[in-house]
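Novice: Below you will find the structure I want to go over with you.
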Amino acid sequence: MATEAPLAERYGRVLERLEAACAAAGRKRESVTLIAASKLHSAADVAAVARAGQVDFGENYVQEARQKRESLAGDPACRNLRWHMIGHVQSRKAAQAAGAFALIHTLDSRKLADGLERRLAVLEARQPVLMEVNVAGEPQKSGLMAEDTPALADYIVENCPHLELLGLMCLPPVFDAGEAARPHFARLFALREALRARLGLPLPELSMGMSGDFAAAVAEGATMVRIGTDIFGPRPPKA
């Protein structure tokens with residue numbers, strides 16, 4: 001667990017860099033949402049960053065997110081946090097994820113869409129989602145192949161009335177690669193524009209960019225960046 005003062009300082013430096021990235025891209029700072037990726041970091045660390053002003057937090061595991069939310073429920077600084085699912089969701093965990101997050105970034109199959117839809121129908125709730133795209137077609141990674149995105153988008157719109165499709169998410173093939181990741185971000189933007197035309201939906205969100213490459217993502221139109229290491233420090237080992 002990091003101490004609160006260094007966390008606040010690290011968070012402040014990230015905000016400054018994000019402000020600079022938006023200015024360089026000719027964009028308003030409020031057009032990009034910062035998501036603090038808190039995977040494997042403690043609830044106390046989340047609370048410290050929340051006290052510094054952060055609202056949106058991203059988790060990779062449904063159970064870990066649930067435990068943190070429960071442990072932070074009594075903290076006044078954490079009452080209005082927005083939790084995002086930014087990790088792969090197994091279809092067998094769909095019922096647990098449905099309705100539990102402000103946004104699920106990683107919808108990548110009909111099976112997962114169906115699992116979410118079934119649970120949401122019971123809850124009588126709607127769930128905002130992004131489709132995760134494997135922009136480089138890497139077989140070892142989750143996410144849709146780019147050519148499969150129109151079919152899944154059509155399926156969601158036609159068969160999943162409780163899912164609200166808001167856009168796309170990607171993880172480029174080179175981690176923290178700065179400008180080297182930029183063509184992949186540009187491709188996700190182009191895919192989103194094609195889907196907008198196809199579906200007649202605004203699809204306002206593009207979730208792309210992490211600690212080492214978020215400036216390039218902002219330049220290519222990211223509306224959400226997911227930053228973990230530069231805020232929380234190195235990720236602790238998974239227990």
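The values are calculated or read from the model by the stated rules, or taken from the named source; none is laboratory data. Please read these numbers as outputs of a predicted model, since none were measured by experiment. No Cβ is skipped: glycine too gets one built from the backbone with ideal geometry, and neighbour counts run over all protein chains shown. Quick note on the areas: whole protein, heavy atoms, side chains included, nothing else; ligands and nucleic acids left out. Shrake-Rupley method; radii C 1.70, N 1.55, O 1.52, S 1.80 Å.
Novice: Out of all the residues in segment 151-164, which are more than 20 Å from the chain's Cα centre (by Cα) and surrounded by 13 or more Cβ atoms within 10 Å (Cβ to Cβ)?
Specialist: To start, the set of residues in segment 151-164 that are more than 20 Å from the chain's Cα centre (by Cα) comprises 151, 154-155, 157-161.
Answer for segment 151-164, where residues must be more than 20 Å from the chain's Cα centre (by Cα) and surrounded by 13 or more Cβ atoms within 10 Å (Cβ to Cβ): ASP154, TYR155, VAL157, CYS160.
Novice: Sticking with this structure for a sec: Please pick out the residue among ARG92, ARG79 that is within 23 Å of VAL133 (Cβ to Cβ) and over 18 Å from the mean Cα position of the chain (by Cα).
Specialist: Details: ARG79 fails: within 23 Å of VAL133 (Cβ to Cβ).
The conditions single out ARG92.
Novice: Within segment 115-129, count every residue that is buried (at least 16 other Cβ atoms within 10 Å of the Cβ) and not polar (S, T, N, Q).
Specialist: We begin by selecting, within segment 115-129, every residue buried (at least 16 other Cβ atoms within 10 Å of the Cβ); these are 115-117, 119-120, 127-129.
When the remaining residues are screened for being not polar (S, T, N, Q), the result is 115-117, 119-120, 128-129.
Number satisfying all stated conditions: 7.
Novice: Which ones in segment 73-91 are within 22 Å of GLU164 (Cα to Cα) and either open to solvent by 70 Å² or more (accessible area, probe 1.4 Å) or not in a loop (DSSP other than H, G, I, E, B) (or both)?
Specialist: Initial filter on segment 73-91 (within 22 Å of GLU164 (Cα to Cα)): 80-91.
Scanning segment 73-91 gives ASN80, ARG82, TRP83, HIS84, MET85, HIS88, GLN90, SER91.
Novice: Okay, next question. Does GLY99 satisfy the criteria of being open to solvent by 10 Å² or more (accessible area, probe 1.4 Å) and either modelled with pLDDT under 95 or over 24 Å from MET169 (Cα atoms) (or both)?
Specialist: No: the conditions fail for GLY99.
Novice: Can you tell me which residue in segment 130-149 is farthest from CYS170 (Cα to Cα), limited to those that are open to solvent by less than 20 Å² (accessible area, probe 1.4 Å) and small (Gly, Ala, Ser)? First the steps, then the outcome.
Specialist: The first filter runs over segment 130-149 and keeps only residues open to solvent by less than 20 Å² (accessible area, probe 1.4 Å), leaving 130-135, 143-144, 146, 149.
Within this subset, residues satisfying the condition of being small (Gly, Ala, Ser) are 143, 146.
Numbers: GLY143: 8, ALA146: 10 Å.
Within segment 130-149, the match that is farthest from CYS170 (Cα to Cα) is ALA146.
Novice: Still on this structure, I have one more. Which of (1) more than 14 Å from the chain's Cα centre (by Cα); (2) open to solvent by less than 50 Å² (accessible area, probe 1.4 Å) is the odd one out, the single condition GLU205 does not satisfy?
Specialist: (1)
Novice: For segment 174-188, name all the residues that are surrounded by fewer than 16 Cβ atoms within 10 Å (Cβ to Cβ) and under 19 Å from THR106 (Cβ atoms).
Specialist: Scanning segment 174-188 gives a single hit, PHE175.
Novice: All but one of (1) in contact with a Lys or Arg (Cβ under 8 Å, 6 or more places away or on another chain); (2) assigned to a loop (DSSP other than H, G, I, E, B) hold for ALA94; which doesn't?
Specialist: Going through the list (1) in contact with a Lys or Arg (Cβ under 8 Å, 6 or more places away or on another chain); (2) assigned to a loop (DSSP other than H, G, I, E, B), ALA94 breaks only (2).
Novice: Among the residues of segment 164-209, how many are at pLDDT below 95 and among the hydrophobic types (A, V, I, L, M, F, W, C)?
Specialist: Residues flagged as at pLDDT below 95 and among the hydrophobic types (A, V, I, L, M, F, W, C) within segment 164-209 amount to 6.
Novice: Answer with yes or no whether GLU70 is of a type in the set (D, E, K, R), more than 21 Å from LEU165 (Cβ to Cβ), open to solvent by less than 60 Å² (accessible area, probe 1.4 Å) and in a helix (DSSP H, G or I).
Specialist: no
Novice: Something else: Is there any pair with a first residue in segment 38-60 that is under 19 Å from ALA102 (Cα atoms) and a second that is of a type in the set (Asp, Glu) whose Cβ atoms are under 8 Å apart and which are 6 or more apart or on different chains, and what are they?
Specialist: So the pair list comes out as SER38/ASP45; SER38/GLU59; LYS39/GLU59; LYS39/GLU64; ALA47/ASP75; ALA50/ASP75.
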